[in-house]
Amino acid sequence: MKFDRTFRTVIVLFIILVILITSYFVQDIISKNNVASVEETDLSLTGAKLSDSTYAKMVVSGTWDSAVGVANQFDFTIFNADKYDLANWTISIKVPAGSVLDNYWGSEAELDKRTGLLTIKPTNYNNTILADGNITFGIIVSAKEPFSPTSLHLQGYKILSNNTSLARRIVEVFIGIWTIVFIGFLVTRLNFRNYREKQKNDIKIILQSMNTFINFIDAKDPYTRGHSKRVAMYAAEIAKRMRLPEDDIQNIYYAGLLHDAGKISVPDAVLNKPGILTKEERAMIQNHTVAGGKMLVQLSSLKGVRETALYHHERYDGSGYPDGLKGEMIPLFARIVGVADAYDAMSSNRVYRRHLNKDEIIEEIQKGAGTQFDPRIVTYMVDMINDGYVNVVKMETADNDESYGKFNLTEEDIPGVYMGF
Ligand SMILES: [Fe+2]
């Protein structure tokens, strides 16, 4: 599976973002894990609503005479309706001053006789009231007369999380986030696939139009048949070696294909005349640039195509036509196609001469650096000849090209169209 560079970058950035978000949540959970918040609440024992998360129930289990006066037995239940455990709890209950603690069970109890403050503390094994759990304990207090406490004070530490649920929550967060990522990826991929389908179809339409148009040009000038496609290939390769953006490489290919479109406007007798041309005839041929520029004016969606047709015969020193543009004033695509065009002219047979050999071509092109051609582009073209990307001998057969009428560009011919997927 191949992705284009932008798509890859987006995916990588997205993954980094997800990792950052995940680690933020994990950190958040870990930091909360060991923090216990202090809970302190007064619980009513009269039976009404007590607290949002903690409830107390007291039963007066009996009263009887004792040495002090009256013995009172109370049984308590404390409910923890919260989702967090309550640890190291302490309960204080106010009883009449001078009372005596006769007995207690379920917890430790201590009575300050002077103040009447009864403190209930957990025994070692029940020091936590679990989430959704409860504890029970009982006391017998003797006082001068029967009494009944109306409230108690509860204090403890709410454990926000524990180790078991920490692991579970980390896994939950991971699964949650990665599920979103996966769904996002699938949706993006689906959209991208639809987009690619549509793009492929658009390219097909462009290609079919180009094929039709190139057949027109070839029919007009059979001697240079195949020329447009070769120029397009060379120009795109130069653009690639110059590391131009992929869109530019693609457009320069189209520009190469259509650079001689204006030839359609040149009379056959002039275009295919084997002998020396008169001044008027030469002007008619040179006019294919202006004619091409006019014909392609509607093709503005393919960047540089019109300018290339118009300016591919401009020369770097300003002595070219139609406008005598100089140096960088000549659009880049036109400068590139100009070199590719010249190479193909030299490497194929023409009405008036056979093709040149490799060394002659290199010499001619280098001679033109700075006068006819952009010197920077010349170095790329010469490299392509030297490293065998373009092959003069192979091109010799171009004259016998059987492709007339069958000339058929496919998506593979268009640089950058195949991104895989
Ligand atoms: Fe031309």
- prompt: Which residue, of R241, R225, is farther than 24 Å from M329 by Cβ and within 46 Å of the chain's Cα centre (by Cα)?
  reply: R225
query: So which residues in the stretch 8-27 are at pLDDT 75 or above and aromatic (F, W, Y)?
result: F14
message: Tally up the residues in the stretch 233-250 that are more than 13 Å from the ligand (Cβ to nearest atom) and either among the hydrophobic types (A, V, I, L, M, F, W, C) or not in a helix (DSSP H, G or I) (or both), please.
response: 9
message: Can you say whether Y253 is among the hydroxyl-bearing types (S, T, Y), free of Cβ contacts under 8 Å to residues at least 60 places away in the same chain and more than 16 Å from the ligand (Cβ to nearest atom), as far as the supplied structure shows?
response: no
message: Checking the structure you have, find out if any residue of the stretch 296-308 is modelled with pLDDT of 95 or more, buried (at least 16 other Cβ atoms within 10 Å of the Cβ) and within 13 Å of the ligand (Cβ to nearest atom).
response: yes
query: Can we say L356 is part of a loop (DSSP other than H, G, I, E, B), farther than 24 Å from A283 by Cβ and not polar (S, T, N, Q)?
result: yes
P267 vs. criteria over 23 Å from P322 (Cβ atoms) and more than 15 Å from the ligand (Cβ to nearest atom): no
- prompt: Among the residues of the stretch 357-370, is any closer than 15 Å to E237 by Cβ and modelled with pLDDT of 60 or more?
  reply: yes
- prompt: Just checking, which of Y321, Y311 is within 13 Å of the ligand (Cβ to nearest atom) and at pLDDT 95 or above?
  reply: Y311
- request: Take R230 and decide whether it is over 44 Å from the mean Cα position of the chain (by Cα) and either charged (D, E, K, R) or within 16 Å of the ligand (Cβ to nearest atom) (or both).
  value: no
- prompt: Of all residues in the stretch 273-293, which are away from the ligand (no atom under 15 Å from the Cβ) and either touching a residue at least 12 places away in the same chain (Cβ under 8 Å) or not in a helix (DSSP H, G or I) (or both)?
  reply: K273, P274, G275, I276, T278
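The values are calculated or read from the model by the stated rules, or taken from the named source; none is laboratory data. From a predicted model like this one, the values you see are computed outputs, not experimental measurements. Because the Cβ atoms are built from the backbone with ideal geometry, glycine has one as well, and the counts that use them run over all protein chains shown.
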